Amino acid sequence: VDVVSKVVSIQVGQVRAWGAEFASASQEAAETTAIFKTAVAGPVEAKELGLAGDQQADLRHHGGRDKAVLGYAAAHYSLWKQEYDWPELEYGGFGENLTIDDCDEQAACVGDVYRLGDALLQVSQPRQPCGKLNRRWGRSDLVKLVLQLGRSGWYFRVVQPGLIAPGDLELVERPHPEWTIVRCHDVFLNRKSSQRREEARELSQLAPLAQAWKEDLDADL
């Protein structure tokens, strides 16, 4: 499969407490987060549970083998900056580990296997952004906008651990070209509607789909 994208930046982050500057009337609860990511030049070891030096605070909703590495389209950054007067937004601002050029939610498909450095990464599911993204940027509507605009990002599992660095992201396998990230997300979010039930059933049977998504789909079918 002759498709090559490019990882333009790699980010990792450690668990930290929210500072007072991130509190608001509706979000006063003390909590921890690892949404703040810092760029690293590489090489970085991609392991089964994520990148070396990267952590997740909420292990119930983040991390694990099916959500080891988060990818986000580099092209979205210029759009966010232009559309929402957001000059301070930089790569990693959406909490992603890999910022990727020439690939987005309309191109990446569940089951895709990519080679990056010595590692092989497989697309497992769309990212479902949580409220911490709103709090990170002080924008109460950000998660809603991310979903409306189809700029969610997507998760990889690490099927072959190895060292990675910014550079070519080579597609080596695409078993389900019909199941783009944007379609998966649309079907998942509308899975209870009678019009999407058959698609939701088909999606739930995809072998590479993250186990948590399979369970959620099966519970509603």
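The values are calculated or read from the model by the stated rules, or taken from the named source; none is laboratory data. Because the structure is predicted, anything quoted here is derived from the model rather than measured. Positions of Cβ are generated from backbone atoms using ideal geometry, with glycine treated the same way; all protein chains shown enter the neighbour counts.
Quick check on segment 42-60: of everything there that is at pLDDT 95 or above and small (Gly, Ala, Ser), which residue is nearest to the chain's Cα centre (by Cα)? Only one residue tops the list, namely Gly50. Identify, please: which residue in segment 1-41 is loosely packed, with under 10 Cβ neighbours inside 10 Å and at pLDDT 70 or above and is, among those, farthest from Ile100 (Cα to Cα)? The selected residue is Asp2. Here Leu171, Leu203, Leu163 are screened, and the one residue that is closer than 30 Å to Pro43 by Cα, surrounded by 13 or more Cβ atoms within 10 Å (Cβ to Cβ), hydrophobic (A, V, I, L, M, F, W, C) and more than 18 Å from the chain's Cα centre (by Cα) is Leu163.
Taking first residues from segment 195-209 that are closer than 17 Å to Gln125 by Cβ and partners that are surrounded by 15 or more Cβ atoms within 10 Å (Cβ to Cβ) and among the small types (Gly, Ala, Ser), the Cβ contacts under 9 Å between residues at least 6 apart in sequence or on separate chains come to Leu206/Gly111; Ala207/Gly111; Pro208/Gly111; Pro208/Ser124; Leu209/Gly111; Leu209/Ser124. When segment 177-198 is filtered for residues that are surrounded by 19 or more Cβ atoms within 10 Å (Cβ to Cβ) and more than 18 Å from the chain's Cα centre (by Cα), only Arg191 remains.
Among the residues of segment 121-157, write down those that are among the charged types (D, E, K, R) and assigned to a strand (DSSP E or B). Hit for segment 121-157 is Arg157, nothing else.
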